[in-house]
Amino acid sequence: MNGDNLTAEPPADHRVSQLRRACHGVAPLDARLEPWMVELLTSRRDEVREAIEAYGSPVNVLHTPPLKRQIERLNHVAAERDLPFRVYFARKANKCLSFVDSAVAAGAGIDVASEQECRQVLDRGLSGDEVICTAAIKTERLIRQCLQNSITMAIDNFDEFDRVVEIAHDSGHQPVLAIRVSGFQHDGEKLWSRFGFDVDDIPALTEYLSRDQHESLKIAGLHFHLDGYCPRQRMSAIHQCLPIIDALRSRGQPLKFLDMGGGIPMCYLTSETQWQDFWRTHRESLLGKREPITYRNHGLGLVAHDGEVSGRRNVYPFYQRLIQDQWLAMILDAQADETGSKNRTLADALRHRDLQLRCEPGRSVLDGCGLTVAKVEFTKQNRCGDWFIGLAMNHTQCRTSSDDFLVDPILLRSDEPACGDEWRTPGTGYLVGTYCTESDLLSLRKLQFPQGVTAGDLVVFPNTAGYLMHFKESRSHQFPLAGNLFVDGPSDFRVDDVDLPRSSNR
Ligand SMILES: *Cc1c(COP(=O)(O)O)cnc(C)c1O
């Protein structure tokens with residue numbers, strides 16, 4: 001499958017190859033680019049440069065329409081199967097409030113994971129039924145906030161349950177509750193998790209709910225969120241939730257939804273061949289058969305020992321085929337092998353029970369919604385011959401829990417380089433950042449600059465809206481956080497409300 005058919009409309013090829021020409025990995029990994037990105041980086045280059053001057057480096061440049069498109073596609077998959085369905089956008093993946101607004105405009109709710117995230121969406125005018133709180137740790141203040149606004153809380157454990165019951169009792173509110181479930185069986189193994197009630201502890205939960213003092217507790221739904229992106233694990237989890245829902249309903253609990261969490265996969269790259277070549281080349285480097293393609297031969301999770309490479313890639317699967325709405329469709333169309341329900345799909349099994357399916361995508365609905373731009377401040381060559389390209393940016397501004405972001409940056413060359421143009425000759429090097437640690441590299445990958453690179457140029461990291469911008473961003477050395485600018489209109493560069501002083505972000 002070619003990545004181009006994943007975008008709304010393929011941008012003119014020559015502009016794209018022009019953009020990619022000035023920088024790519026020694027083993028290239030071409031980024032999928034949305035048409036708005038191509039437009040911005042070609043026709044509106046000067047505005048990007050002005051934004052860097054006005055707001056400092058780096059800046060995050062964002063665009064909401066792809067979010068809406070992705071939510072609509074998920075809705076469409078459910079509608080085709082006549083299944084009641086709602087997306088709850090997991091806003092921890094990007095803090096900007098413009099995404100909250102456009103998710104709501106597309107008919108989605110919001111999944112919040114902290115008191116601040118929750119407060120901000122309430123300030124945005126959302127009502128309780130449009131919000132689910134899945135915070136890992138729920139403080140008393142957060143619980144009160146949820147109770148006062150009838151926000152669904154996904155309950156993780158008995159302590160939390162007791163706390164919610166007690167505060168609800170004191171304040172006279174009726175809590176809206178979902179139960180987070182985990183520990184599903186899959187392919188003969190248990191899917192261990194730190195979150196939620198283990199499926200094997202459901203009897204204890206049922207007993208808890210049947211106690212006299214818990215008589216008035218109403219469970220509105222079940223919730224799970226699995227690590228990773230495996231569709232078959234979701235099928236197993238949905239299968240195993242159905243009898244739990246049936247059993248709770250038979251005890252009078254009014255469950256109306258099953259929430260399958262996030263983890264919908266997306267694809268950052270255009271070429272599967274490049275992805276495979278990258279890993280093959282990397283293995284050869286680790287085995288010492290060729291020059292390293294990562295900084296100091298960083299393994300990205302792999303290690304070489306006695307001529308063998310072992311370990312697991314510690315990175316997001318930046319190239320994958322089964323993604324987005326097609327991934328959801330595959331799950332919904334899987335066989336529900338319940339007794340007496342021959343040829344029934346999971347969608348049928350849910351619909352038959354009059355259950356609403358919910359999901360909480362973060363990263364995947366932000367596909368194509370943003371990029372990060374930083375300014376080159378210097379280039380220098382070290383004694384080994386590698387170049388260092390110094391960016392006004394640190395690694396927390398483009399990083400997740402993956403060891404590296406395996407997508408080629410784009411170089412926007414300055415017409416008026418700040419420091420002469422002696423390094424307008426081809427070369428290879430590494431992007432280094434502002435933190436005073438040896439490890440502050442913006443990418444571990446060795447990059448090639450066929451037309452050189454010099455101070456005053458801009459480096460663009462494509463498709464960073466999902467997690468890469470905000471999940472790990474820190475203010476070490478007291479550097480300010482990056483500005484967040486939306487380019488939804490033809491002339492605007494609008495600062496997101498989350499950057500305004502009254503928001504609780506700063
Ligand atoms: C992080 C998280 C999500 C979003 O996951 P994505 O991989 O970004 O789709 C959804 N629900 C819960 C409970 C989460 O912790």
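The values are calculated or read from the model by the stated rules, or taken from the named source; none is laboratory data. These numbers come from a predicted model, not from an experiment. Positions of Cβ are generated from backbone atoms using ideal geometry, with glycine treated the same way; all protein chains shown enter the neighbour counts. Ligands, DNA and RNA are excluded from the accessible area calculation, which covers all protein heavy atoms including side chains. Shrake-Rupley method; radii C 1.70, N 1.55, O 1.52, S 1.80 Å.
Things to note:
- Given charges at Cβ of Lys, Arg, Asp, Glu: the chain dipole, positive-most of LEU242, LEU67, PRO292: PRO292
- When Rg and the Kirkwood radius Rh are both evaluated on Cα atoms of the range 84-231, their ratio Rg/Rh stands at 0.98.
- Bridges between two residues of the chain, per DSSP, are antiparallel at a rate of about 50%.
- Tensor-based shape of the range 9-131 (alpha-carbon gyration tensor, a/c under 1.5 rounded, otherwise prolate or oblate): oblate
- As computed over the range 294-421, the Cα convex hull volume per residue (Å³): 193
- Overall Cα dimensions of the range 308-352 - principal axes, largest extent first, Å: 50, 24, 13
- Quotient of Cα Rg and 2.2 N^0.38 Å for the range 125-188, N being how many residues it contains: 1.22
- Across the range 158-270, the convex hull enclosing all Cα atoms gives 127 Å³ per residue.
- Using θ = phi - 60° in the Karplus curve 6.51 cos²θ - 1.76 cosθ + 1.60, the 3J(HN,Hα) couplings for the range 392-408 round to 7, 5, 10, 5, 6, 8, 7, 7, 10, 7, 5, 4, 7, 9, 8, 9, 5 Hz; x is entered for Gly and Pro.
- Per residue value of the accessible surface for the range 113-190 (all protein chains in place, 1.4 Å probe), Å²: 44
- Assigned charges on the beta-carbon of Lys, Arg, Asp, Glu; the range 267-359 dipole about Cα centre (debye): 160
- The length gained by stretching the chain between SER491 and ASP187 to full extension, at 0.36 nm per residue less their Cα-Cα distance, is 104.1 nm.
- The charge dipole of the chain, taken about its Cα centre with unit charges on the Cβ atoms of Lys, Arg (+1), Asp and Glu (-1) only, comes to about 400 debye.
- For SER193, the solvent-accessible surface computed with a 1.4 Å probe is close to 60 Å², ligands and nucleic acids excluded.
- For the range 25-90, pairs of C-alpha atoms spaced more than 15 angstrom apart make up 70 percent of the total.
- Contact order for the chain, expressed relative to its length and based on alpha carbon pairs under 8 Å spaced 6+ residues apart, stands at 22 percent.
- Debye log10 I(q)/I(0) for the range 167-223, one point scatterer per Cα, at q = 0.20, 0.24, 0.25, 0.26 Å⁻¹: -0.83, -1.03, -1.07, -1.11
- Our compactness index for the chain, the C-alpha radius of gyration over the empirical 2.2 N^0.38 Å, is 1.04.
- What separates the Cα centres of the range 100-145 and the range 349-423 is a distance of 27 Å.
- Working note: Debye formula, equal point scatterers on the alpha-carbon atoms of the range 322-373, no solvent; log10 I(q)/I(0) at q = 0.14, 0.18, 0.21 Å⁻¹ is -0.50, -0.69, -0.83.
- Expressed as a whole percent, the accessible area of the range 351-484 that falls on carbon and sulfur atoms is 47 (1.4 Å probe).
- The orientation-averaged projection of the convex hull spanning the C-alpha atoms of the range 80-166 amounts to 6.4 square nanometres.
- Centroid-to-centroid, using Cα positions, the range 266-328 and the range 181-249 are 35 Å apart.
- Placing dummy labels 7 Å off each Cα toward the beta-carbon, the span from GLN451 to SER271 is 1.9 nm.
- For the range 285-441, the solvent-accessible area with a 1.4 angstrom probe is 46 square angstrom per residue.
- Protein accessible area in the range 17-91, 1.4 Å probe - carbon and sulfur %: 47
- Across the alpha-carbon atoms of the range 278-348, the computed radius of gyration and Dmax are 20.4, 60 angstrom.
- Debye-formula intensities of the range 193-333, expressed as log10 I(q)/I(0) at q = 0.09, 0.14, 0.18, 0.19 Å⁻¹, are -0.48, -0.81, -1.04, -1.11 (one equal scatterer per alpha-carbon, no solvent).
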